[in-house]
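> Could you have a look at this structure, given as C-alpha cells, before my questions?
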C-alpha cells in the first residue's frame with residue numbers, strides 16, 4: 001500500500017473525551033474512529049491488525065478441531081426465556097428492540113442458547129459427539145462503563161467457541177486442548193510473557209472458570225500471581241479454601257492489575273438440559289450433552305497489545321499482528337530515489353513481505369514521527385545518501401539505532417523470522 005493513497009491520516013491529538021491510552025494512540029495513528037462511547041469503527045490499518053489477530057485465533061481453533069460458522073445477532077426472546085436469561089435482572093447488559101409487529105427481539109450479548117438449539121438438529125447419537133463449533137461474531141452489551149477504548153465496548157467482535165461432549169471426561173480432555181491453544185494464541189500476539197491463566201469463580205456453571213489475564217496498568221481486575229507456577233487467582237476468588245484447593249501459598253503471590261483477554265468455562269448441562277440437547281448412548285439411554293465455552297475478544301486483544309507494548313513514541317506491533325511487516329520511507333529527491341523505492345517495494349512484495357510505502361512529499365521528521373506512531377516492526381529508509389553507498393537504512397521499531405545494510409542483508413534480516 002502507498003501511504004499517499006491511504007485516506008486516513010495521523011493526528012497530533014486524540015479526541016478530548018478519550019481517556020484510554022489504547023484508543024488515544026489508535027485514533028491518532030489512524031487505526032480506528034470513535035463513533036460514540038464504547039463504539040469504534042476499524043479503519044484500513046486497524047482492520048488489517050484485527051484480521052491478523054482473527055487469523056491467529058482461527059488457525060489455533062481449527063487446529064483443535066473447531067468448525068467455524070456465523071450466527072445471527074438478532075435473538076428470539078422465547079429461546080432465552082427457556083434458560084431464564086431474558087430478564088434484565090438476570091442479564092443486565094441486554095440491548096433489546098422491537099419489530100414493526102411489536103415482537104420483542106434482543107441483540108446477542110453471547111450465543112450459548114442459539115447454538116445449543118442449532119445443535120439439536122445434528123446431535124442425536126453418541127456417534128455425533130464430541131464436536132466443537134466457533135464463530136467470530138459481533139456482540140452487543142449495554143455496558144455501564146465504556147471508557148477503556150476498544151478493551152471494553154458496547155459493540156465488539158468476539159470469538160466464541162462451544163464444545164459438546166458425551167461426558168465430563170471427554171469434556172475435560174477438550175478443555176485442556178483449548179487451554180493450550182489459548183496459551184499459543186497469546187504467545188503469538190506478543191502477550192505470552194505477561195498473560196496468566198487465572199482462576200476465577202465459576203458461578204452457576206462450575207467450581208472455577210479460568211480467565212486469561214494480561215498484566216496491565218489499565219486493567220480493571222486485581223489478580224494475585226504466582227510467578228513460579230505461572231498461574232494467578234482473581235481477587236474475587238482469593239480465599240484460604242481456594243488457595244488450599246489450588247496448592248498456592250498467599251505469601252508467594254504478587255498483587256497486580258490485569259486485563260481479561262480471554263476466558264474458558266465449564267458449562268455442564270446448564271444449557272443442554274433446559275433446551276433439551278441430549279444424545280442416546282449405545283445402550284439406548286438418554287444423556288444431557290456436556291458443554292463448554294471459550295471466548296476471546298480480538299479487539300480487546302488489539303487494545304491490550306497497545307496498552308502493554310507501546311512506548312513514548314507510539315504503538316509497537318509484534319510482527320504477526322502488525323498491519324504491515326515493513327515501513328518503506330522514501331526521502332523525496334531525484335527520480336532515481338523514487339525508482340529505487342518502487343523497485344524495493346515490488347521486490348519485498350514478491351518475497352511475501354507486506355509493505356507500507358511512505359511515498360508522500362512531506363518532511364523527513366514528519367515521516368519518522370508517523371512511522372514511530374504507527375508502529376510497524378521494520379523501518380527501511382531510502383534516500384540520496386543511502387543510494388550513494390548502494391545501501392538501505394534499516395531500523396527495528398523496538399531499537400533506537402538504525403544500520404546501513406546492502407540489499408542481500410536487508411532481505412535476510414527481514415525474512416529471518418518469516
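> Restricting to the stretch 111-131, what's the tally of residues that are touching a helix residue (DSSP H, G or I) at 6+ places or on another chain (Cβ under 7 Å) and buried (at least 20 other Cβ atoms within 10 Å of the Cβ)?
To start, the set of residues in the stretch 111-131 that are touching a helix residue (DSSP H, G or I) at 6+ places or on another chain (Cβ under 7 Å) comprises 113-114, 117, 122, 130.
Add one more test, that the residue is buried (at least 20 other Cβ atoms within 10 Å of the Cβ), and what stays is 113.
Qualifying residue count, the stretch 111-131: 1.
> With 101, 62, 78 as the choices, which residue is surrounded by fewer than 17 Cβ atoms within 10 Å (Cβ to Cβ), within 17 Å of the chain's Cα centre (by Cα) and not assigned by TED's automatic domain parsing to the domain that holds residue 338?
Numbers: 101 fails: within 17 Å of the chain's Cα centre (by Cα); 78 fails: within 17 Å of the chain's Cα centre (by Cα).
Step by step, each of 101, 62, 78 is checked, and only 62 is surrounded by fewer than 17 Cβ atoms within 10 Å (Cβ to Cβ), within 17 Å of the chain's Cα centre (by Cα) and not assigned by TED's automatic domain parsing to the domain that holds residue 338.
> Another one. Given the structure, is residue 360 surrounded by fewer than 23 Cβ atoms within 10 Å (Cβ to Cβ), touching a residue at least 60 places away in the same chain (Cβ under 8 Å), farther than 30 Å from residue 55 by Cα and not assigned by TED's automatic domain parsing to the domain that holds residue 302? First the steps, then the outcome.
Details: surrounded by fewer than 23 Cβ atoms within 10 Å (Cβ to Cβ): yes; touching a residue at least 60 places away in the same chain (Cβ under 8 Å): yes; farther than 30 Å from residue 55 by Cα: yes; not assigned by TED's automatic domain parsing to the domain that holds residue 302: yes.
Here the answer is yes, as residue 360 does meet what is asked.
> It is to be established whether one or more residues within the stretch 364-374 are surrounded by fewer than 19 Cβ atoms within 10 Å (Cβ to Cβ), within 17 Å of residue 5 (Cβ to Cβ) and out of contact with any strand residue (DSSP E or B) (no Cβ under 8 Å at 6 or more places or on another chain).
Looking for residues that are surrounded by fewer than 19 Cβ atoms within 10 Å (Cβ to Cβ), within 17 Å of residue 5 (Cβ to Cβ) and out of contact with any strand residue (DSSP E or B) (no Cβ under 8 Å at 6 or more places or on another chain), one finds none in the stretch 364-374, hence no.
> While we're on this one: Give just the number: which of (1) outside the structural domain of residue 50 (by TED's automatic domain parsing); (2) touching a helix residue (DSSP H, G or I) at 6+ places or on another chain (Cβ under 6 Å) does residue 317 not satisfy?
Residue 317 satisfies all of (1) outside the structural domain of residue 50 (by TED's automatic domain parsing); (2) touching a helix residue (DSSP H, G or I) at 6+ places or on another chain (Cβ under 6 Å) except (2).
> Looking only at the stretch 366-391, which residues are on the phi > 0 side of the Ramachandran plot and without any contact (Cβ under 8 Å) to a residue 40 or more places away in the chain? Reasoning before the result, please.
Of the residues in the stretch 366-391, the ones on the phi > 0 side of the Ramachandran plot are 375, 390.
Answer for the stretch 366-391, where residues must be on the phi > 0 side of the Ramachandran plot and without any contact (Cβ under 8 Å) to a residue 40 or more places away in the chain: just 390.
> Let me ask you something else. Only one of 305, 353, 296 is in the same structural domain as residue 134 (by TED's automatic domain parsing), in contact (Cβ under 8 Å) with a residue 24 or more places away in the chain and touching a strand residue (DSSP E or B) at 6+ places or on another chain (Cβ under 7 Å). Can you tell me which? So that I can check it myself, show each step before the final result.
Values: 305 fails: touching a strand residue (DSSP E or B) at 6+ places or on another chain (Cβ under 7 Å); 353 fails: in the same structural domain as residue 134 (by TED's automatic domain parsing).
Result of the check over 305, 353, 296: 296.
> Quickly run through the stretch 165-179 and pick out the residues that are in contact (Cβ under 8 Å) with a residue 60 or more places away in the chain and closer than 20 Å to residue 196 by Cα. Before the answer, list the steps.
Within the stretch 165-179, the first condition is being in contact (Cβ under 8 Å) with a residue 60 or more places away in the chain, and the residues that meet it are 165-168, 170-171, 174-175, 177-179.
Those that are in contact (Cβ under 8 Å) with a residue 60 or more places away in the chain and closer than 20 Å to residue 196 by Cα: 174, 175, 177, 178, 179.
> Same structure, new question: How about the stretch 261-362: which strands (runs of 3 or more DSSP E) wholly inside it have at least 1 residues that are under 26 Å from residue 212 (Cβ atoms) and within 23 Å of the chain's Cα centre (by Cα)?
On the way: elements: 278-280, 286-288, 290-296, 326-330, 355-358.
Hits in the stretch 261-362: 290-296.
> Moving on to the next point. Only one of 231, 254 is farther than 30 Å from residue 81 by Cα, assigned by TED's automatic domain parsing to the domain that holds residue 67 and within 24 Å of the chain's Cα centre (by Cα); which?
Working: 254 fails: within 24 Å of the chain's Cα centre (by Cα).
After applying the criteria, what remains is 231.
> Quick one: would you say residue 85 is modelled with pLDDT of 95 or more and part of a loop (DSSP other than H, G, I, E, B)? Give the steps one after another, and end with the answer.
On the way: modelled with pLDDT of 95 or more: yes; part of a loop (DSSP other than H, G, I, E, B): yes.
Criteria met by residue 85.
The values are calculated or read from the model by the stated rules, or taken from the named source; none is laboratory data. Not measured: the values here are computed from a predicted model. So basically every Cβ, Gly included, is an ideal-geometry build from the backbone, and we count neighbours across all protein chains shown.
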